[in-house]
Amino acid sequence: MEEQKRTILSGIQPSNSLHLGNYLGAVRNWREMQQEYRCFYMMVDLHAITVTQDPETLRESSYLGIASYIAAGLDPENSVLFLQSHVSAHAELAWIFNCTSYMGELSRMTQFKDKSAKQGKNIPVGLFTYPNLMAADILLYQPHYVPVGNDQKQHVEHTRNLAERINNRYQKDIFKIPEPFIGKQGARVMDLQNPTSKMSKSVENPKGAVFLTDTDKQIMKKVKSAVTDSGSEVKTYDEASPGLRNLIDINSALSNRSHEEVANEFSGKMYGHLKVATAELVVETLAPIREKMNQLLNDKAYLNKILKTGAESAQIVAQKTLNQVYDATGFIPKVP
Ligand code: TYM
């Protein structure tokens, strides 16, 4: 029965805690997909080091990430939860893709342009080849869908291009060509202080992002002080400024209602009403996750056990694909 389920795969970087954008754009959809699909969810620690990380903080954030997955409803009995660095096939296939991709296509990646602009003169090569590692993450598991937020769509397109290039080169269906799966709501949560940029984990402006580790008080404060505009009363969704629209979007994603329904509810009311109601919804959603996450973090032995089992399951699937690629490439198989 299990064999007949279609496969999905996704991941999040363990740099800092997960934020509301990661939850609404990714994890919430992953949770809903668990019954129908065979799911692989990882913490992409190899990706995190494309910018310099403090080792102890990275270790803690990786545990925090796995604890957040479980606390948010990803079931380790049902889904494969693992750390990217525990399955060496990711780095190995990424090398093959480094030899398959072109400088031109990688230079066009929006995330590379944004992140490299912040790095000054010394841009790590890993930041440039990052989409190849992501392609390896995905293609090793032969998934049908990759559930991500809007910002990762370009990387999934790149993944599809590499898969087709390899399949064509060796005239074999080595890789399944995956589709991005982008949720209807919450696919692009914006920064609360700067609503024309997406909410991100960057520590430069922690007031702009609600983290899963934030207390109820911090959440209320951040959402209530979200930047809107010089108006005072909510009108329609289309007329709303980016900041106001972001609050309506968050509210509608959390209450499973359309933008119009939410805008109608607050139409003619002061912005403060929308802010308080939205802040309360965020607290209601995140508080139980935070509590469970903190409990889990006190039990590293349990988390290590999940990671061990996850890596073992992932390794089997990943190695099978890697062997096929190595064989097609012309590498002599290792004698068992
Ligand atoms: P990352 O860690 O930046 O984000 C993880 C997931 O959260 C989504 N997301 C958002 N969704 C809505 N609004 C936002 N403001 C927001 N910010 C982030 C992202 O779209 C993503 O789905 N390269 C990836 C990680 C990765 C990956 C993979 C994903 C590595 N390998 C393989 C899928 C499959 C990244 O940096 O995501």
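Overview of values
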quantity: Subset tally (residues that are surrounded by 22 or more Cβ atoms within 10 Å (Cβ to Cβ) and either under 26 Å from residue 211 (Cα atoms) or of a type in the set (Phe, Trp, Tyr) (or both)) for the range 84-103; calculated: 2
quantity: Boolean, residue 322 is out of contact with any Phe, Trp or Tyr (no Cβ under 6 Å at 6 or more places or on another chain) and either among the aromatic types (Phe, Trp, Tyr) or closer than 30 Å to residue 223 by Cα (or both); calculated: no
quantity: Residues of the range 1-24 classified as modelled with pLDDT under 95 and either among the small types (Gly, Ala, Ser) or within 9 Å of the ligand (Cβ to nearest atom) (or both), total; calculated: 2
quantity: Candidate set: the range 185-194, residues that are within 11 Å of the ligand (Cβ to nearest atom) and part of a loop (DSSP other than H, G, I, E, B); chosen: the one surrounded by the fewest Cβ atoms within 10 Å (Cβ to Cβ); calculated: 188
quantity: Considering residues of the range 130-157 that are of a type in the set (Asp, Glu) and near the ligand (Cβ under 9 Å from one of its atoms) only, the residue modelled with the highest pLDDT; calculated: 137
quantity: Any pair with Cβ under 7 angstrom, 6 or more apart, that starts in the range 314-326 at a residue that is within 15 Å of residue 39 (Cβ to Cβ) and ends at one that is loosely packed, with under 15 Cβ neighbours inside 10 Å; calculated: none
quantity: Qualifying residues in the range 219-241 (those that are more than 23 Å from the chain's Cα centre (by Cα) and outside any loop (DSSP other than H, G, I, E, B)) - the one farthest from residue 285 (Cα to Cα); calculated: 233
quantity: Hey, residue 137 within 30 Å of residue 255 (Cβ to Cβ) and of a type in the set (Asp, Glu) or not; calculated: no
quantity: Failed criterion for residue 182 (all others in (1) at negative phi; (2) more than 12 Å from the ligand (Cβ to nearest atom) hold); calculated: (2)
quantity: Of all residues in the range 25-51 being touching a residue at least 60 places away in the same chain (Cβ under 8 Å) and of a type in the set (Ser, Thr, Tyr), the one that is farthest from the ligand (Cβ to nearest atom); calculated: 37
quantity: Condition met for residue 204 (free of Cβ contacts under 8 Å to residues at least 40 places away in the same chain, part of a helix (DSSP H, G or I), surrounded by fewer than 20 Cβ atoms within 10 Å (Cβ to Cβ) and within 16 Å of the ligand (Cβ to nearest atom)); calculated: no
quantity: Elements of type helices (runs of 4 or more DSSP H) contained in the range 53-147, each with 3 or more residues being over 21 Å from the mean Cα position of the chain (by Cα) and either in the same structural domain as residue 315 (by TED's automatic domain parsing) or at positive phi (or both); calculated: 89-98, 103-107
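The values are calculated or read from the model by the stated rules, or taken from the named source; none is laboratory data. Predicted model, so just to flag it, every value in this text is computed and none were measured. FYI the Cβ positions are ideal-geometry reconstructions off the backbone, even for glycines, and counts take in every protein chain you see.
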